[in-house]
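Structure first, then comments.
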Number of protein chains: 2
Amino acid sequence: MTSVQKTHTEDRYPTRSSESALLERTDPVVWPGVDNGPASAAELAEHDEKGFHVLTGLLSPAEVQQQWQELQRMTDDPAIRSDERTVVEKGTEEVRSIFDVHRTNRLIADLIRQPRILDRARQILGSDVYVHQSRINYMPGFRGSGFYWHSDFETWHAEDGMPAPRAVSLSIALTDNYPFNGGLMVMPGAQRTFISCAGETPEDNYKSSLKKQEVGVPSEDDISKLAYEHGIEQFTGPAGSALWFDSNTMHGSGNNITPYPRSNIFIVFNSVENTLHEPFAANQPRPEFVASHDFTPLSR
Amino acid sequence: MTSVQKTHTEDRYPTRSSESALLERTDPVVWPGVDNGPASAAELAEHDEKGFHVLTGLLSPAEVQQQWQELQRMTDDPAIRSDERTVVEKGTEEVRSIFDVHRTNRLIADLIRQPRILDRARQILGSDVYVHQSRINYMPGFRGSGFYWHSDFETWHAEDGMPAPRAVSLSIALTDNYPFNGGLMVMPGAQRTFISCAGETPEDNYKSSLKKQEVGVPSEDDISKLAYEHGIEQFTGPAGSALWFDSNTMHGSGNNITPYPRSNIFIVFNSVENTLHEPFAANQPRPEFVASHDFTPLSR
């Protein structure tokens with residue numbers, strides 16, 4: 001087995017070993033350091049306690065419409081469809097995700113630099129931030145297949161070399177999220193527990209894991225423990241609603257047999273004080289479009 | 001191709017031909033004839049308009065507990081597991097449904113004869129009633145696979161020879177139904193439209209259709225039409241809650257990746273004035289345990 005020289009020594013979130021374990025998170029969820037911004041003290045307190053908070057109407061109906069048309073244009077573009085940064089659904093060949101949109105799409109590049117978004121990310125992470133990953137997701141009606149329970153941070157740590165869970169994700173709904181069309185389920189409070197998952201990372205794991213994750217998946221026993229301790233909430237609301245959630249939030253989504261598709265913009269902000277090392281549990285880092293090494297702080 | 005001598009001439013709900021069609025229902029949803037019973041005028045009006053109504057607390061917590069223990073006992077019984085009336089989940093071999101429980105299980109035989117249930121079925125159907133089909137369903141946590149959109153009556157008409165949608169189903173939740181653990185979705189008002197489905201019924205279709213339906217499935221276009229006209233509601237509520245729904249209600253359920261299993265008792269009452277003929281669109285009738293030919297009226 002080959003091995004990559006590691007540039008770090010300490011790993012406070014070991015994972016992908018022979019046995020799973022529940023570890024207590026040693027890092028904050030809301031970080032001190034940035035006092036001003038659009039998030040109220042109550043919103044930050046909720047985010048700290050539950051690991052997420054919801055904003056209804058982050059985008060206006062007109063902005064949703066604009067983004068939606070842009071998504072339609074992109075999914076129809078043969079160059080984008082065949083780009084390696086575009087993931088298509090197994091079997092149906094429908095576009096499921098387009099990655100790296102904060103670099104390739106002017107509309108989204110502008111949006112994420114607006115104070116209502118950028119300054120809230122800074123408040124939560126207590127520092128300047130950059131974009132670790134961005135994408136637009138499209139889950140079709142009738143046969144959207146959902147995503148099993150996981151912590152994003154587990155993957156970002158193991159495969160991208162993100163040292164600590166000092167990252168926050170923003171999901172902006174471009175379609176109405178009903179309880180029954182595959183909306184994201186989250187476990188409030190579970191962000192304080194890191195599930196160290198069993199299993200070794202295969203080569204080029206990202207090629208399949210972006211469609212269906214096979215390693216870095218918590219055991220049913222561990223999911224049950226967290227679910228019975230914390231319960232489950234679901235992100236629902238009209239198009240334009242937004243969910244801010246911690247990188248270690250335990251989340252998943254069911255399938256979607258309704259005729260109502262589900263689409264969202266997904267942006268991961270990481271602290272500039274939490275930039276990537278070598279992967280903690282993989283032989284080589286994932287490609288740039290899923291784990292950016294451009295750590296330049298976002299600014300207007 | 002062999003052909004069975006039909007005992008009837010008129011088919012007001014033709015289906016399984018070469019093309020699909022939306023037909024207007026010519027029969028009532030709530031039938032006149034039985035004036036007294038536990039259902040209020042408002043409940044009956046709601047049932048008539050939407051095709052279903054919900055009763056919270058039809059079973060007490062103690063009754064739920066008793067039924068749940070009985071289900072556990074049955075799924076552990078090797079004789080029941082290997083009975084042809086028991087359906088196991090593809091792949092996992094977990095028990096998914098146990099049929100014919102109104103004949104094989106004393107607890108359920110008693111329950112369905114109680115006035116709170118039997119007399120409500122009579123009110124809705126406007127006559128004496130018998131049980132067309134009964135089962136206990138169990139959808140496990142983590143990998144419950146749900147059921148695509150369909151009308152039960154379409155199958156009962158095509159494969160069992162039920163002349164008209166003068167039947168009503170009762171689903172009693174034995175577990176809490178959340179919005180996110182595979183709870184039944186229903187389209188209010190869609191019971192007034194009969195979707196005539198394309199496709200011929202294969203031999204012994206029931207053996208696979210009880211797990212995953214392949215014929216008698218409405219097209220995506222037709223489901224979309226009904227969903228955009230009527231919308232979708234979901235049956236949620238604590239264990240012991242009950243859903244009464246018309247035999248032609250368009251319904252389905254998503255998968256269940258939560259740790260919370262979902263279980264229910266499912267009873268189909270048919271009017272004694274709507275007993276079975278030869279199948280309207282199949283070469284032979286399905287077996288007794290899915291389509292009873294014992295038309296004896298239920299009584300206390």
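The values are calculated or read from the model by the stated rules, or taken from the named source; none is laboratory data. Please read these numbers as outputs of a predicted model, since none were measured by experiment. In this analysis, Cβ positions are derived from the backbone assuming ideal geometry, glycine residues included, and neighbour counts consider all displayed protein chains. Quick note on the areas: whole protein, heavy atoms, side chains included, nothing else; ligands and nucleic acids left out. Shrake-Rupley method; radii C 1.70, N 1.55, O 1.52, S 1.80 Å.
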Volume per residue of the C-alpha convex hull in region A:72-122, rounded to whole Å³: 100 Å³
Where labels lie 7 Å past Cα in the beta-carbon direction, separation of A:Glu94 and B:Ala45 in nm: 4.0 nm
Calculated label separations, B:Ser18, copies of the chain, 7 Å along the beta-carbon direction, nm: 6.6
Size of electric dipole in chain A: Cβ of Lys, Arg +1 and of Asp, Glu -1, about Cα centre, debye, nearest 20: 620 debye
All-pairs Cα distance distribution in region B:5-94, expressed in whole percent, bin size 10 Å: 11, 20, 21, 33, 15, 0
Within-15-Å neighbourhood charge of A:Gly141 [Cβ basis; K, R +1; D, E -1]: -2
Sequence-distant residues sharing a close amide H with B:Val88 (under 5 Å, placed H): B:Arg96
Local net charge near B:Cys197, Cβ-Cβ under 10 Å (Lys/Arg +1, Asp/Glu -1): -2
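How about region A:23-102: which GluC sites (Glu not before Pro) there are in a DSSP loop, with at most 14 other Cβ atoms within 10 Å of their Cβ?
A:Glu84, A:Glu93
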Estimated distance in nm for a label pair at A:Glu233 and B:Asp35, the labels positioned 7 Å out from Cα along Cα-to-Cβ: 5.3 nm
Cβ charges +1 (Lys, Arg) and -1 (Asp, Glu), total dipole of the protein assembly as shown, debye: 220 debye
Interface residues in region B:260-288 - accessible area drops by 30 Å² or more relative to the isolated chain, probe 1.4 Å: B:Tyr260
Chain B: equivalent-ellipsoid semi-axes (sqrt of 5 x gyration tensor eigenvalues, Cα, Å): 26, 23, 21
Value of relative contact order over chain B, rounded to a whole percent, pairs C-alpha under 8 Å and six or more apart: 35 percent
Where rotation carries A onto B, the chain A residue whose Cβ is nearest that axis, in whole Å: A:Pro179, 2
Chain-alone versus full-assembly comparison, region A:189-238, residues with accessible loss of at least 40 Å² (1.4 Å probe): A:Glu220, A:Tyr228, A:Ile232
Distances in nm from B:Ala41 to the matching label points in the other copies, shortest first (labels 7 Å along Cα to Cβ): 5.6
Amide H contacts under 5 Å for A:Leu184, placed H, 5+ residues apart: A:Phe235
Surface share of carbon and sulfur [accessible, 1.4 angstrom probe, percent] for the protein assembly as shown: 49 percent
Cα-based shape type of the protein assembly as shown, given that a ≥ b ≥ c are square roots of the gyration tensor eigenvalues and the cut on a/c is 1.5: prolate
Using alpha carbons only: equivalent-ellipsoid semi-axes of region A:119-160, gyration tensor based, whole Å: 27, 16, 10
Chain A: calculated mean residue ellipticity at 222 nm from DSSP helix runs of at least 4, using -39500 (n - 2.57): -7000 deg cm²/dmol
Residues whose placed amide H lies under 5 Å from that of B:Ser263, excluding near-sequence neighbours: B:Met139, B:Leu174, B:Thr175
Listed residue (A:Ala282, A:Ser171, A:Pro297) projecting farthest to the positive dipole end of region A:145-300, Cβ model: A:Ser171
Net charge contributed by nearby residues that have their C-beta within less than 13 Å of B:Glu49 (K/R +1, D/E -1): -3
Count of Lys pairs (Cα-Cα under 18 Å; at least 8 positions apart or interchain) in region B:21-271: 4
Rounded to whole Hz, the Karplus (6.51, -1.76, 1.60) HN-Hα couplings of region A:58-75, x for glycine and proline: 4, 9, 6, x, 5, 5, 4, 4, 5, 5, 5, 5, 5, 5, 4, 4, 5, 5
Label geometry 7 Å along the beta-carbon vector: A:Lys90 inter-copy distances in nm: 1.3
Solvent exposure of region A:21-271 as accessible area per residue, Å², 1.4 Å probe: 35 Å²
